Amino acid sequence: MSMHTCVSGVTSYQRAVLKAKNKEPDPSDDTWIDISSLNSLTEVHNLYCGKPVDKETRDIFVDGTMEDVHENFQTLMDYCARDVIATHNVLNKLLPMFLERFPHPVTLAGMLELGCCHFLRLPHKDGPKYKVGNPLAKDFLNMFSQNVLAAQGNEAEKVLTFARMMSYWRNNRERIRAQQLVWLPARRLPQRMRNHRQYGAIIPQVVVCGTLTRRLVIENMY
């Protein structure tokens, strides 16, 4: 999808025109409307390979239950396999166009590097046993607990204490719930880690070129 954005991406106006399927396009749009598409697999496959990809089966993953997935397991696996084939077909068509448009090897190397994620643990002021919840938190909130700032009575302090305790989860609840989390099987872990707690990893959602100007887009993580 990022490679498509580099080769045949659209501006905000062009995206609005493509989404307005029932609207008669302006004659000036004829110069680009047949050589670009929205940034989805079915649209991109239709542009480069001449036919769209059926995505209706995907709704079972989105709206269905685990029972629905079990009952339609083979159909869903076929859908995943067809998606892989469709992505491969698009890449076969798109890669030569990308290399012609951007012949310098640094461009391709840069895209591949931007697609890699490196995780660094932020040090906590109280030691390695603690995790940094929000590195951009307002430091002045701690002044109330240290009595640097105070008010008559303790009601305000209680409110601020509860707000400080809840602010991170309140602000990040929906984003955290939407993260793609994968638990690591014990057999994949080093021997010294198998007897401890369960380990998992958050799969980052990275779009190397998310806009026409090839700007990197990264889903926020915690």
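We did not get these values from a lab; they are worked out from the coordinates using the rules stated. Please read these numbers as outputs of a predicted model, since none were measured by experiment. Because the Cβ atoms are built from the backbone with ideal geometry, glycine has one as well, and the counts that use them run over all protein chains shown.
Sites listed here are chymotrypsin sites (Phe, Trp or Tyr not before Pro) in the range 7-92 whose DSSP assignment is loop and whose Cβ has at most 15 other Cβ atoms within 10 Å: Trp32. Each label was represented as a point 7 Å from its Cα along the Cα-to-Cβ direction; for Met165 and Ser28 these points are 5.9 nm apart. If R0 equals 45 Å, the separation of the Cβ atoms of Asn172 and Thr11 corresponds to a calculated FRET efficiency of about 0.90.
The stretch between Leu99 and Lys19, if pulled fully straight at 0.36 nm per residue, gains 25.9 nm over its current Cα-Cα span. Summarising the label geometry, the points placed 7 Å from Cα in the beta-carbon direction at Met66 and Glu113 lie 4.3 nm from one another. Every pair of different Cα atoms in the range 2-117 enters the Kirkwood calculation, which places the hydrodynamic radius at 16.5 Å. Computed from point charges on the beta carbon alone (+1 for Lys and Arg, -1 for Asp and Glu), the dipole magnitude for the range 2-117 about its Cα centre is near 420 Debye.
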